[in-house]
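Single-structure report; data block below.
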Amino acid sequence: MDTPKIFESEYRFCLILWEKEPIRSSELVALCRERLGWKPTTTYTVIKRLSERGVLRNENSIVTSLVSKDEAQAAEIDELVEKRFEGSLPAFFAAFTRRRALSREEIDEVQSMIDRYREEERS
């Protein structure tokens, strides 16, 4: 199943949800007012829209996510790599590292991920 698209303002909403879930919709309204400056109607509209798209569930005024933060981030990266880099992860990584220096720790972490991937591939 494909991860439903989560747009920028919806993603900011989801960050609050992922941090606090499960959460009553009224509490979510208060948090969105405080953190995002949203009116209650905006929050309820986003809850309804994301519920219809399968991103979250709102049952008995308790809101929980159906898509994790990791899933949402992975889907966004997949879309970016596909759209801007013709699906080439090396091209994406090259562009990323041209603009941002990696620390020794980050290089080690990336190398460790590659090593784990190769080990899994052999299994």
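Every number in this text was worked out from the coordinates using simple rules, so none of it is lab data. The model shown is predicted, which means the values in this text are computed figures rather than measured ones. Reconstructed Cβ throughout: ideal geometry from the backbone, glycine too, with neighbour counts over all protein chains shown.
What lysines sit close enough to Lys39 to cross-link, taking a C-alpha to C-alpha distance under 29 Å and skipping anything fewer than 8 places away on the same chain?
Of all the lysines, those that pass the test against Lys39 - Cα under 29 Å, at least 8 places apart if same chain - are Lys5, Lys20, Lys48, Lys69.
Output the 0 to 90 degree angle, nearest 10, between the alpha-carbon long axis of helix 69-84 and the longest principal axis computed from the alpha carbons of the chain.
60 degrees
Let me understand the chain better: what is its radius of gyration from the alpha carbons, and its Dmax, in angstrom?
18.3, 53
Report, largest value first, the span of the C-alpha coordinates of segment 51-118 along each principal axis, in whole Å.
Over segment 51-118, Cα extents along the principal axes are 48, 27, 25 Å.
Could you size up the charge dipole of segment 1-89 around its Cα centre, putting +1 on the beta carbon of Lys and Arg and -1 on that of Asp and Glu, and report it in debye to the nearest 20? Working shown, then result.
Details: 14 positive and 16 negative charges, 107 e Å.
Taking the Cα centre of segment 1-89 as origin, the dipole is about 520 debye.
For segment 8-69, build the convex hull from the C-alpha positions and give me its volume per residue in Å³.
On the way: hull volume 4.4 nm³, N = 62.
Dividing the Cα hull volume of segment 8-69 by its residues yields 71 Å³.
For segment 37-49, take each phi angle, set θ = phi - 60°, evaluate the Karplus expression 6.51 cos²θ - 1.76 cosθ + 1.60, and give the result in whole Hz per residue in order, putting x for glycine and proline.
With the stated coefficients, segment 37-49 comes to x, 7, 7, x, 5, 5, 4, 5, 5, 5, 4, 5, 5 Hz.
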